[in-house]
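Working notes, structure below.
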Amino acid sequence: MQDIPRFQGLWQYRFAPDTRELAEIDMDRATVSYSRDAERRVTQIQYQVNGEVPRTFGYTYDALGRRSQTIFANGITAIYNWDAASQLTGISYKRADGSVLGNLTYGYDLAGRRTNAGGSLAKANLPQAVSDAQYNAANQLTRWAGKTLSYDLNGNLASDGVNQYGWNGQGLLSQISGGVTANFSYDVFGRRKDSTVNGHRIQTAWIDDELNLMVPDGDWSQRIRVFSAYPESGVDELTYRRIGDDANQDRYVLRDANNNVIALMDANQQSQTQYSYEPYGLTKQSSIVDPNPQQYTGRENDGTGLYYYRNRYYSPQTGRFISEDPIGWESGQTNAYAYVGGNPVSKTDPFGLGPWDQKYGLSGTFWRWLHRQDGGKLIGELKDPQTGQVPKNTALEYYKIYLFEIGQCG
């Protein structure tokens, strides 16, 4: 068992005997328990809050080990379809009675780039035309929609013509003033622990790199518990959320292939809040307004006009990060401010360190491990310069190394 201190008590991690596999997490009057099959894949997760009946999620897999189905605790089922290259071609959501909530479909070209998205739940918003954008030799955006932008000597945005931006000694955004007033602070790992936007404060706690708890304005009774899927799944796969101790505030999360949150469902399988996005992330929320900040690609919409992508902040208005990539060209991009190489339809960037590979049916934990090797340099060396992707055979070879390192193969 491993105890992890947080701003309210301890998080306790329990692991299965003789393995490194997570079996249970105890936290703030809540427990998350994991069950696995003979292949060590998670087949069930139980979320229990305040001793209530656990919310149970089930997972099944196809013959190639790809997730084929998720059964939500409220009875909704998500069905996943894959092609021969392990590219996700469809997601269908059904109610417990078998009626269809909606579906998503995807197509790809021979290079693995997503070429189309369809289905009843595909609701892309079209961006406005841009007629006034200028850049300097450092790829910095210097003019946008009639506003002049400036940068500090470290390449961080200093002003966007409306707001001024301040940065700490680690190159992390610490304050915004002007049209928006905001302050941010971070823990020793660089994870954001506190944010105040226009007088509204949010304290946050983390499990590894996943957001787990948010406390608004110091009101512990209104704390928001956030549960992602399971350790081997992709990062930012928000699954279930609870506000305070009110079971009526249970929300179950429907996502698309890029982890965009598209709907929040209640315990009765009814949609309460819907989201739609432009390709680069400008977001619209409809129906019941919800305090959920995790929206585009599962990241946090701060209400400042920016999204928090862990190592950097991203502007969906301009489709760019507001500071340079901390790992530079090792991200595989020559433009240090670019978002996913100009391909937001196919790729995401949850850590703000370059496009995230979501291919070949390999676990999100593996890709996270690969992106961290050699300080982020290895992933850039492995990518094919023409496609910007790690070739499948290369990924599979490193997957064997990954399994060996975590003790799951001899």
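No value in this document is a laboratory result; all are computed from the given coordinates. What you see is a predicted model; the values in this text were computed from it and never measured. Quick reminder, even Gly has a Cβ in these numbers, built from the backbone with ideal geometry, and neighbours come from all protein chains shown.
Put simply, the amide H of Ala23, placed in the peptide plane, has neighbours under 5 Å in Arg14, Phe15, Ala16, leaving out anything fewer than 5 places away on its chain. The string of couplings for segment 258-275 from the Karplus curve (6.51, -1.76, 1.60, θ = phi - 60°) is 9, 6, 5, 6, 9, 6, 10, 10, 8, 5, 9, 6, 9, 6, 9, 9, 10, 10 Hz, one whole number per residue in order, with x for Gly and Pro. Neighbour counting of Cβ atoms within 10 Å sorts the residues Ser99, Ser92, fewest neighbours leading, into Ser99, Ser92. Rounded, prolate or oblate for segment 132-316? Axes are the square roots of the Cα gyration tensor eigenvalues, ordered a ≥ b ≥ c, and the cut-off for rounded is a/c under 1.5. Verdict is prolate for segment 132-316. Positive contributions from Lys and Arg (+1) and negative ones from Asp and Glu (-1), summed over other residues with Cβ under 10 Å from the Cβ of Asp349, come out at +3. Only helical DSSP H runs with n ≥ 4 go in: add -39500 (n - 2.57) per run for the chain, normalise by residue count and round the 222 nm mean residue ellipticity to 500 deg cm²/dmol. For the chain, the value works out to -2000 deg cm²/dmol. Take the alpha carbon gyration tensor of segment 130-173, find the square roots of its eigenvalues, order them as a ≥ b ≥ c, and report rounded if a/c is under 1.5; if not, report prolate when a/b exceeds b/c, else oblate. It is oblate, given that a/c is not under 1.5 and a/b is not larger than b/c.
Proximity of backbone amide H atoms, modeled 1.01 Å from N, is registered between Tyr313 and Ile322, Ser323 at under 5 Å, excluding neighbours fewer than 5 places apart on the same chain.
Database remark: amide H of Arg201 closer than 5 angstrom to the amide H of Asp217 (H placed geometrically; neighbours at sequence offset of 5 or more, or on other chains; Pro and chain starts carry no H). Here Trp144, Trp82 are placed in order of increasing Cβ neighbour count within 10 Å, fewest first, which gives Trp82, Trp144.
Kirkwood's formula applied to the C-alpha pairs of segment 231-355 gives a hydrodynamic radius of 15.2 angstrom.
Per-residue Cβ neighbour counts within 10 Å put Ile91, Ile71 in the sequence Ile71, Ile91, beginning with the fewest.
Taking a ≥ b ≥ c as the square roots of the Cα gyration tensor eigenvalues, with a/c under 1.5 meaning rounded and otherwise prolate when a/b beats b/c, else oblate, which class fits the chain? Present the calculation step by step, with values, prior to reporting the outcome.
Numbers: a/c = 1.38, a/b = 1.20, b/c = 1.15.
It comes out rounded by the Cα gyration axes.
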